[in-house]
Each structure stands twice: as structure tokens, then as C-alpha cells.
């Protein structure tokens, strides 16, 4: 099992995080904090939360996303709606620095995880919440996932084709929200060391999606270009598209005059530089369909390997379009050691879980171990809170834990 070694020396060593999150935004935020050395306790339903079982890959039906988003945590099962469960929550909060709860607002209130209640228990607490569409506006209580935010931000409209909007396959809004929330939490922890006390860190999927798509919205508001989807072809520079080779696909991304000069040289067509349709990036984007047509034969005559080799000599940004298996098999990806093998009980092999997305020379961040099995650390955590063996057994019997 490949893990980090900074649980006691990481920059967040000594910080305790209670993770009541579900699916991605909350749990992955907590995983990033665990990578930095925080003691993260994942708290879920007694029977297991829904996100534990999506895309099952192990004998206990633990899912692929769960293995990624909950690495390095301790696992506690709990029913916080029962009086005994509420008491356990209060005892946990007294020991905690951060509470993460990407849950509906009414659920947060019922569970006693609202900021006012938490602050009465632990005045220095930092509460991180994530909603679908934010807490202001007529849809403040609307439920939603990543795809809803993608659709409402304008991204899905532009990602597809003019007659078919299309969201991204990967839930980038969820992961972006997790990263922004983690930044907010670390900032709040720093503010607390400066004597500013605890605070609430609030994020939303829609805020993240609008942030990532902001430049497009700025352009639309100021110039009204009314762009529509163009598939893989870029619209603000070119040639930028995905092209078919003899045995696969290659993506190129050209922006700026220097790179376009290299394209003209690659095609042995200096006349491109005098063509008024391609005088600058914006014009090249507007005539991107013409440029893609020019590039198509060049790629069709070459294998993927041959095309990439020539593009590299010309120093044109390009990469192969991989299937998931091809990504796993790629020598560069393997040599990068980004995907470290972490063993999970009942899985057929070590899981290639991506390590921390940032590398730091002085305070390294890395997964601190695998994701917990259901309730794996429940008894140990309760013992730390002062519960004896008989009481813990009774709590199990009553399905409190």
C-alpha cells in the first residue's frame, strides 16, 4: 500500500475534521485536508451512505468514487437523529476544528449541524457547507448535482453541438467546489490563528460552475457573440480540434501567432500567414471549421505516434485521446507516479488512486491510507469519547451506531 507519511507532521497535523459530506464536493474536500495531515472522521449512515456504493469495485460493494474521495479517513457510523446520536455529535464537535456538511439546509438543521448550534458547542468551530445553487435567490432550496450546475452555467450549451447540449462526463463542478471549499477552510484556520475566531465557509455548485465559465459570460455580456456548441473545435483561436489519425485520435490546441506560424510551417503552407481569415486568434476561431478541414488530411495520413512525433518537433501542443485503459497504460502517466496503488480489502488489485493534486517541497501532501470500511473505526472513536464497552454494545444494538 502506497501512502503518505505526514499524518503527524503535515501542515494540518492536529486539526480534526468531522466529515458529514456525501458524494464528492464535501468528501473530496475532506480528503484534501486529510492529505495535508488532518485527522478526518467520515460519518455516515449506520447502513452506509448512498455514495459508498456507487460504481462498486470491492467485495463489500465499496465504490470507485468512494475509494478516491474518502482515502486517509477514519470511518464512523451514526444516526444523529436519535437522542443518543445527537449526544455523540455534541461530544465529537467539542473535539473538532472543522465540520463539513454538504447536505440540504433542512437536513443540516435537523442534525444540529447549523453554525449557530455548533458555535454554542465549540465557539471556535469552522463550518463548511455546500449547496446546489447557493442560499440566495428563488431556487435557494433547490436540490441538484454537478450536471445541473454545468447546465445552468452555460457550459453544457457550449460543450456539445448547436443542436445538442452536452455536459462533461467527469463531474468537474463537484471537484472544483471541493477544492474551493478546502481553500476556504485552510484560510479560515489561518484566520483563527490570527485571533479572528471560527466562521462559516459556504460554497455552491452553481458558484463554482459560474466561476469556471466566467470568461464566456463576460464576453457574452459585453459583446453578445451568442456562441453555440461546436463540438471539439475551439472558437476563440485555431486550429484547435480533435483529429482522427490512421489508428486513433489526437487533440491539438493552437493559440497565439507564434503557434500559428508553426502550423503554417508544419503544413508547408506559408500562404496561411497572409490569408486575411487567419490574421489573428479571433479570426482563426471564427474560421476554425476551415482550419480543421485543412488539418484533417494531415492527420489522416499518419498514425497517432507519427503525428505526435512531428507535432512535438514543431512544438505544437498536442496529446493523444485516450480511453480510460489507455490512460492507465500510458508510460508517461505511469512514470509520473500520480496514480499510486492503494489496497482496499476485497478489491482484486491495488486501486490507482490519484495522489494530492499539489506537490509541496516543504510540507508534502499525500493520501494517508485507504478509505475506511463501513463503521471500521466506530468503536475506537467512541472509546476516545469516553464510552465504555457495554455502552458501545448497547448503541450498536439500538442502531445508534
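The values are calculated or read from the model by the stated rules, or taken from the named source; none is laboratory data. Since the model is a prediction, treat every value here as computed from it, not as a measurement. A quick note on method: Cβ atoms are made from the backbone with ideal geometry, for glycine too, and the neighbour counts reach across all protein chains shown.
Looking only at segment 123-164, how many residues end up being in a strand (DSSP E or B) and either buried (at least 20 other Cβ atoms within 10 Å of the Cβ) or not assigned by TED's automatic domain parsing to the domain that holds residue 202 (or both)? Residues meeting the conditions: 6.
Of 208, 193, all but one fail to be free of Cβ contacts under 8 Å to residues at least 60 places away in the same chain and touching a helix residue (DSSP H, G or I) at 6+ places or on another chain (Cβ under 7 Å); the exception is 208.
Taken as a whole, the condition of being over 29 Å from the mean Cα position of the chain (by Cα), surrounded by 14 or more Cβ atoms within 10 Å (Cβ to Cβ) and either at negative phi or free of Cβ contacts under 8 Å to residues at least 40 places away in the same chain (or both) does not apply to residue 293.
Do we have residue 111 as in contact with a helix residue (DSSP H, G or I) (Cβ under 9 Å, 6 or more places away or on another chain), surrounded by 17 or more Cβ atoms within 10 Å (Cβ to Cβ) and at pLDDT below 95 here? It is true that residue 111 is in contact with a helix residue (DSSP H, G or I) (Cβ under 9 Å, 6 or more places away or on another chain), surrounded by 17 or more Cβ atoms within 10 Å (Cβ to Cβ) and at pLDDT below 95.
Kindly indicate whether residue 11 is in contact with a helix residue (DSSP H, G or I) (Cβ under 9 Å, 6 or more places away or on another chain), touching a residue at least 12 places away in the same chain (Cβ under 8 Å) and in a loop (DSSP other than H, G, I, E, B).
Details: in contact with a helix residue (DSSP H, G or I) (Cβ under 9 Å, 6 or more places away or on another chain): yes; touching a residue at least 12 places away in the same chain (Cβ under 8 Å): yes; in a loop (DSSP other than H, G, I, E, B): yes.
Answer is yes for this residue.
Is it the case that residue 341 is part of a strand (DSSP E or B) and loosely packed, with under 15 Cβ neighbours inside 10 Å? So residue 341 fits the description; yes.
Flag set for residue 385, criterion: under 17 Å from residue 40 (Cβ atoms), under 34 Å from the mean Cα position of the chain (by Cα), surrounded by fewer than 16 Cβ atoms within 10 Å (Cβ to Cβ) and in contact (Cβ under 8 Å) with a residue 12 or more places away in the chain.
Here's the yes/no breakdown for (1) crowded, with 19+ Cβ neighbours inside 10 Å; (2) closer than 23 Å to residue 136 by Cα:
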{"residue": "175", "(1), (2)": "yes, yes"}
{"residue": "198", "(1), (2)": "yes, yes"}
{"residue": "218", "(1), (2)": "no, yes"}
{"residue": "222", "(1), (2)": "no, no"}
{"residue": "228", "(1), (2)": "no, no"}
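Candidates 372, 357: the one that is assigned to a loop (DSSP other than H, G, I, E, B), assigned by TED's automatic domain parsing to the domain that holds residue 34 and at pLDDT below 95 is 357. State all residues of segment 305-338 that are without any contact (Cβ under 8 Å) to a residue 24 or more places away in the chain and part of a loop (DSSP other than H, G, I, E, B); if no residue qualifies, say none. Hits for segment 305-338 are 322, 323, 330, 337, 338.
If you check residue 305 against the conditions, is it surrounded by fewer than 18 Cβ atoms within 10 Å (Cβ to Cβ) and within 30 Å of residue 257 (Cβ to Cβ)? Full working, then the answer.
Values: surrounded by fewer than 18 Cβ atoms within 10 Å (Cβ to Cβ): yes; within 30 Å of residue 257 (Cβ to Cβ): yes.
Answer is yes for this residue.
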